[in-house]
């Protein structure tokens with residue numbers, strides 16, 4: 001992938017362990033405000049807030065050799081970095097508080113700017129009835145073209161992303177870097193989502209998750225969703241962070257209702273008490289999003305490769321040459337899937353390796 005010069009510098013600085021968001025943002029502003037004397041300005045700033053040793057380390061990261069190594073390492077890992085300067089950067093995140101400067105991505109980048117998205121989160125300990133309801137909701141939404149956004153935890157997050165996996169309409173937002181999937185028991189599921197949907201993180205791949213990263217990560221989940229469903233949680237659950245972020249962004253928050261005395265439903269009942277929408281029917285969400293639920297006969301049964309290509313074309317990525325370049329693959333690798341989709345009457349070929357969906 002080709003990056004702008006400012007993006008390459010950002011990736012190098014962002015790769016450093018322990019550099020706070022505010023310092024990265026300041027370095028970027030100095031690059032933009034003082035293009036001819038930026039390095040001197042940056043050095044002055046760094047020496048004013050860090051020790052001489054740390055300031056020197058950060059300055060060394062801005063040398064071309066380190067910058068190129070950072071970009072090369074990402075390419076070797078199959079990671080695409082979408083920066084705040086990228087054309088693919090999601091519009092939904094541009095106006096939130098502290099928008100992520102970089103999103104490290106694996107999978108279908110086009111999902112970042114999907115027409116309709118919906119976040120679903122909850123507790124690691126979710127009652128069977130709520131878990132079943134969440135599975136039904138996220139499955140129907142994703143099969144109807146809505147991209148489901150959630151985390152990577154056990155419990156409600158796992159239910160949401162696994163239910164949406166078959167459709168390919170799913171984004172899992174990781175707290176740490178992609179080299180450190182947490183929890184480990186969900187690693188195979190997250191790897192499947194990277195192939196069929198999209199996984200993202202604002203942390204570079206080598207960064208292990210730390211406690212503070214989880215609530216910070218939740219602002220991205222809330223920002224990417226056009227609405228948010230809270231399936232479960234205690235009053236102090238991490239899902240509250242997601243709900244609070246969503247409310248601050250002006251998003252509609254839905255919550256499952258619970259009987260009195262159920263600890264895993266305290267957060268939901270409290271949110272409903274304070275204005276969240278009581279949600280016991282998936283049509284509440286479909287109506288909010290302005291989306292029609294797909295009929296069972298409209299749901300297409302394809303293998304993994306066919307589904308991935310069909311979802312890309314159906315979401316507006318009609319130029320397959322461009323698609324291959326963006327995903328670092330060869331055209332011959334997707335040719336069998338394209339042929340199969342044509343034979344099934346799901347797509348039609350246009351001039352110049354372009355395709356159009358026949359039905360969505």
Mind jotting down the distance between the C-alpha centroids of the stretch 188-252 and the stretch 317-356, whole Å?
32 Å
Please arrange 172, 86 by how many other C-beta atoms lie within 10 Å of their C-beta, fewest to most.
86, 172
Quick one: of the DSSP bridges fully inside the chain, what percent are antiparallel, nearest 5?
40 percent
Taking 8 Å as the Cα distance limit and 6 or more residues as the minimum spacing, I'd like the relative contact order of the chain as a percentage.
14 percent
Out of all DSSP beta bridges in the stretch 89-220, what portion is antiparallel? Express it as a percent rounded to 5.
30 percent
The stretch 1-130 - percent relative contact order, Cα under 8 Å, separation 6 or more
23 percent
Would you look at the GNM of the chain, springs on alpha carbons closer than 10 Å, and say which of 23, 274, 241 moves the most?
274
Using Cα pairs under 8 angstrom and six or more residues apart, how large is the relative contact order of the stretch 302-357, in percent?
44 percent
Taking Cα centroids, how far is the stretch 5-22 from the stretch 102-151 in Å?
29 Å
Order of 178, 59, 213 under a 10 Å beta carbon neighbour criterion, fewest first:
59, 213, 178
Ascending count of other beta-carbon atoms within 10 Å, so fewest first, for 343, 161
343, 161
GNM flexibility winner over the chain from 167, 61, 201 (Cα, springs under 10 Å):
61
When the Kirkwood hydrodynamic radius is evaluated over all pairs of different C-alpha atoms of the stretch 109-289, what value in angstrom, to one decimal, is obtained?
15.7 Å
Report, in deg cm²/dmol and to the nearest 500, the calculated mean residue ellipticity at 222 nm for the chain, where each DSSP H run with n ≥ 4 adds -39500 (n - 2.57) and the sum is divided by the residue count.
-13500 deg cm²/dmol
Please build a GNM for the chain, connecting alpha carbons under 10 Å apart, and tell me which residue among 138, 57, 70 fluctuates the most.
57
Could you give log10 I(q)/I(0) at q = 0.20, 0.21 Å⁻¹ for the stretch 5-76, computed by the Debye formula over C-alpha point scatterers of equal weight, without solvent?
-0.81, -0.89
Correct semi-axes for the stretch 201-360, from √(5λ) of the alpha-carbon gyration tensor and rounded to whole Å with the largest first, are 39, 22, 13
Taking the square root of 5λ for each eigenvalue of the C-alpha gyration tensor of the stretch 1-157, the equivalent ellipsoid has semi-axes, largest first and in whole angstrom, of 38, 17, 14
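The numbers here are math on the coordinates, done by the rules we state, and not lab data. Just so it is clear, the model here is predicted, and its values are computed rather than measured. Counting neighbours? That spans all protein chains shown, and the Cβs are built from the backbone with ideal geometry, glycine included.
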